[in-house]
Every structure is written in structure tokens, then in C-alpha cells.
1. Can you say what percent of the DSSP beta bridges in the chain, counting only those with both residues inside, are antiparallel? Round to 5.
2. Checking the a/c ratio against 1.5 first, then a/b against b/c, what shape does the Cα gyration tensor give for the stretch 227-269?
3. So how compact is the chain: Cα radius of gyration and Dmax in angstrom?
4. Would you kindly state how much longer the chain becomes between T95 and R265 on full extension, computed as 0.36 nm times their sequence separation minus their alpha carbon distance, in nm to one decimal?
5. At a threshold of 8 angstrom on Cα-Cα distance, excluding pairs fewer than six apart, so keeping six or more, what relative contact order does the chain reach in percent?
6. Pull up the cross-link candidates among the aspartates and glutamates for K192, meaning alpha carbon to alpha carbon under 13 Å and not fewer than 8 places away within one chain.
7. Semi-axes, largest first, in whole Å: what does sqrt of 5 times each Cα gyration tensor eigenvalue give for the stretch 195-269?
8. Can you give the % of DSSP beta bridges in the stretch 23-117 that are antiparallel, to the nearest 5?
Amino acid sequence: MSAMDAMSGTTGTGERRPDGVRLQKVLAQAGVASRRASEEMIAEGRVSVDGKIVREMGRRIDPASAVVHVDGSRIVLGDDLVHLALNKPRGILSTMSDDRARPCVGDLVVERGITEEHFEGGARSRLFHVGRLDAETEGLLLLTNDGDLGHRLMHPSYEIEKTYLAEVLGQVPRDLGKRLRAGVELDDGPVKVHSFKLVDFHAGRSMVELVIHEGRKHVVRRLFDQVGFPVQRLVRTAVGEVRLGNQRPGRFRALNRAEVGSLYRSVGM
């Protein structure tokens, strides 16, 4: 093949080379399965490209633009997409920078070398947090550079579940869960919890777990203030199917393929 052929995208006989990368190779490179197993998935109709089931083995795609799902879960193909979980410590602001030099998430990004590890050229500005936790609230905070995903995860219409552990003053009554599920009126409108349970009671304090769809500012703290049980400590333990687990405070981890797929699926991507 001549240099001219290479530049024009043709073979030495004048035939144009097919564009893109074979789908089974793309899946293998994304860590879905071996190339042979990926071929079986395609043949079984388990793989879709841009919303359409693909069964032919010769299908080529552009990994930079194609939207691929396997068994209904989005497969992230580009190396430039980043999805991280941070266990945000108490006292850290949910911002990438602070003009008053207060400790913030952006400082942790730099301290942990996330910029150098995940981005070419130190493109720190492309990484942003999905929603916020107030400074005194600890726990799971997602970070990504996928703006569309981040926007949808924060939009109230998708009703993404957030799970919290709250330590509150006093012994909560048995009917509190029923009351919270029915709805409590706050100054900016009513709020309901999806689920509620008492985890423990010790030394005059109750540990409760609640799942809520809301994303309003300080909504959990305001909710418990309204029902007479001020929050002493608050930890977000899950966003959708992504869980904090035993991740240490101040540490980041990359989400695995199943977790990333669950986030895209929850917002219809």
C-alpha cells in the first residue's frame, strides 16, 4: 500500500477500507468479555448499538461516538470517560475550588493525583462532582467528566435514590417511618422518604437509615429538624446502585463496569 493509499483510506487495489472497529473487538477491549464470548453475545442478540440490536459479526463501529449496551447496560468505551466514587470526609466542601481557601473536593483530587492519573494534559476542570453534600455531611460523592450523565443524575425528574445513615438525638417513635413516608411539609414544599428503618439506639441517640429521591439543600437535616430529631451525624451510603461500602474517608475509587452501567441505565442513557 502506498502512502497516498493510506492517507486516502483505500487499499492498494483502490478499494476503500471499512471504517471503524469490529464490535466484538470493541467489547473485548472494554473488558466485557473475550472476543469469542463477545461474538456469542452478539449472536444471541444481547448487544445493541445506538439503540438497535446487532447480530452480524462484521459490524464495525466508531468507539468514540457509538452508544453500546450489553444486556441493557451501557458499556463505556472511551478511555477519556471517568467515573469515580469519593468518600467525602466531614469538613470538606463539595466544590472543585474555593476562593476563601477552605478545604474542598478539588484539593482531594490534587492530593490523590487524580488529575495526573485520569487525564491527559491535567484537564482537572473537566472533572466535576455530581450534586453536593454539605460540609458537615460525609459519604458517597460521585465525580465524572460525562456532563450529560452528571446532569441527568442531578435532575429531579429521574428520581435517583440516595441512601443515608443519620444519627439523631432521642429515641424515634415507631410511627416515625410512616409519617416520613406520608410526607412532611418544609418551608420550600413537602418531602417524602422512600423507605425508613431504625438501625440502632444507644446513649440517647438513634441510628436510622433512609432512602430519599430529593436533592434539595440540607433536605435530610431539615426533615429531621421538622419532626423533632436533630441530626448529629449524617453519612450518604449509596447513590442508586453505587454503594460506599468500606471505602476509607478521603479516598477515591473508579466505579466498576456494573456500577457505571447502572448509573447510565437509571437515567435512560
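1. Numbers: 49 of 52 bridges.
Just about 95 percent of them are antiparallel.
2. Working: a/c = 4.15, a/b = 1.58, b/c = 2.62.
The shape class here is oblate.
3. Final numbers for Rg and Dmax: 23.3, 83 Å.
4. Values: separation 170, 0.36 × 170 = 61.20 nm, distance 2.64 nm.
Answer, rounded to one decimal: 58.6 nm.
5. Normalised by residue count, the contact order of the chain is 19 percent.
6. E159, E161, E214
7. 27, 16, 11
8. Close to 90 percent.
Laboratory data are not the source of any read-out in this text; all were calculated from the coordinates shown. Everything quoted here is computed from the prediction, not taken from an experiment. Methodologically, a virtual Cβ is constructed for each residue, glycine included, from the backbone with ideal geometry; neighbour enumeration extends over all protein chains shown.
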